[in-house]
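Each value in this text was obtained by applying a stated rule to the coordinates, not by laboratory testing. Just so we're clear, the structure is a prediction, and the values are computed from it rather than from any experiment. As a convention, Cβ positions derive from the backbone with ideal geometry for all residues, glycine included, and neighbour counts pool all protein chains shown.
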Amino acid sequence: MLYNLHDARAQAMAPVRLMAEATRLAFLNPFQPLSYTPFGRMVASASQVVEGLLSERPKPAWGLPLTHIDGDIVPISIETAVEKPFCNLLHFRRDGVTRNDPAILLVAPMSGHHATLLRGTVEALLPDHEVYVTDWIDARLVPKAEGRFGVATYIDYVVDFMRFMAERDGGGVAAPDPYHVMAVCQPAPLVLAASALLAQDDAPHAPTGMILMGGPVDPRANPTLVTRAAENRSIDWFVHHAVHRVPPRYPGANRRVYPGFLQLRAFMAMNPGRHTDAHWRMFHHLVRGDGDSADKTAAFYDEYMAVMDTPADFYIETVDRVFKRHLLPLGGFTHHGRLVNTAAVEKTALMTIEGELDDISAPGQTEAAHRLCPSIPAERRRHLVQPGVGHYGIFNGRKWREEIKPQIAEFVRETLS
């Protein structure tokens with residue numbers, strides 16, 4: 001019912017958004033005398049802020065038409081390498097590049113935002129790597145006939161993508177193609193579980209290396225507001241307050257989901273003052289004519305507020321198995337009834353990365369992967385705590401590009417030699 005009410009409100013507010021847009025355009029019109037006055041600028045600025053707050057953001061474009069390799073401009077073509085009901089595996093093909101660079105399977109979070117949130121991550125990796133990204137599909141767009149999607153299905157998808165990576169250039173059982181898997185945030189424990197399952201089977205398509213970044217491998221290691229919220233509420237609370245059915249006007253009508261708009265509210269509730277201040281500063285930038293600063297804020301919120309629904313089964317099972325019962329670090333995690341043994345991981349190298357100021361997956365939660373994988377030789381391990389960055393800073397921004405990404409490239413080269 002809540003989702004239907006939200007959807008009805010969004011449609012009812014459409015005229016207000018259109019009115020704000022019309023007002024903004026009217027007071028920015030060079031033939032409108034008031035557009036040159038402080039009053040006109042204030043009206044136009046306020047209208048733009050209101051318009052942004054009421055807009056429903058579509059999935060953002062990747063916006064990565066090219067990269068630079070050895071001083072040359074290289075066009076990028078995005079193609080779908082594997083297509084599944086809930087996810088497409090995208091390949092960022094570097095047109096005309098013939099050198100054999102290491103391949104990376106980048107597993108994006110399925111936690112409210114689109115995979116495009118990793119745009120900066122992909123952009124920095126492209127000059128040195130063949131990049132493949134899991135592009136999870138908004139659950140409200142997946143017909144209910146496609147069935148449920150839980151943690152087991154997620155791991156099945158990751159394993160299938162790993163198999164594809166090992167066979168992408170004709171590799172097979174005798175000589176699989178090497179690749180590294182990189183998990184950002186939420187998928188870290190599930191990627192570790194998928195790698196462990198392949199190790200238990202001595203599967204040829206296991207990754208050469210794992211790079212786990214800011215993920216809740218063991219949330220007990222350093223509790224945060226996020227982990228406490230999960231621990232202090234019952235599963236029934238999450239089922240009754242977070243799970244709703246998709247409204248009739250979407251392809252996934254009647255599918256049970258954790259709606260994106262609720263996830264966005266949860267994100268913003270963690271730092272309400274910061275978001276209020278950002279919009280207030282955006283208003284003042286617009287009034288002063290500082291378009292560049294205002295555009296940066298608007299671009300950030302266009303990405304930040306473009307959210308997607310998460311399948312309810314996956315969300316509830318993640319809360320239960322990862323954040324409440326801590327099954328992976330306690331040795332009780334199963335996949336289709338089979339116990340996952342992380343100690344079986346031996347041939348896959350491991351790098352963990354954490355942000356010193358991360359208040360979502362705090363330092364220690366990801367590093368726990370080393371304790372869970374005692375069979376990996378010491379020389380094939382690496383751990384990095386990046387000073388001065390929070391959760392998003394470990395995969396986006398200047399420190400990611402200049403300090404973290406070069407260490408990842410070095411780790412990849414070492415494990416392939």
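Lys59 label point, 7 Å along Cα→Cβ, cut-off 13 Å on backbone N: hits in the stretch 138-165? Under 13 Å, as judged by backbone N against the label point of Lys59, lie 138-143 of the stretch 138-165. Three principal axis extents of the stretch 318-417 based on alpha-carbon atoms, in descending order, are 43, 35, 19 Å. Note on Thr80 and His383: the model spin-label points, each 7 Å out from Cα along the C-beta direction, lie 4.1 nm apart.
Overall, the stretch 78-210 carries a charge dipole of about 360 debye about its Cα centre when +1 sits on the Cβ of Lys and Arg and -1 on the Cβ of Asp and Glu, all other atoms neutral. Quick note on the stretch 79-205: its Rg to Rh ratio, both from C-alpha atoms and Rh being the Kirkwood radius, is 0.96. Between His113 and Met308, the built amide H atoms are under 5 Å apart, and every one of these is 5 or more places off in sequence or on another chain. Placing dummy labels 7 Å off each Cα toward the beta-carbon, the span from Val239 to Leu357 is 4.1 nm. Stretching the chain fully between Arg148 and Lys399 yields a gain of 86.5 nm (0.36 nm per residue, less the alpha carbon separation).
Summing Cβ point charges (Lys, Arg +1; Asp, Glu -1) relative to the Cα centre of the stretch 198-244 gives a dipole of roughly 280 debye.
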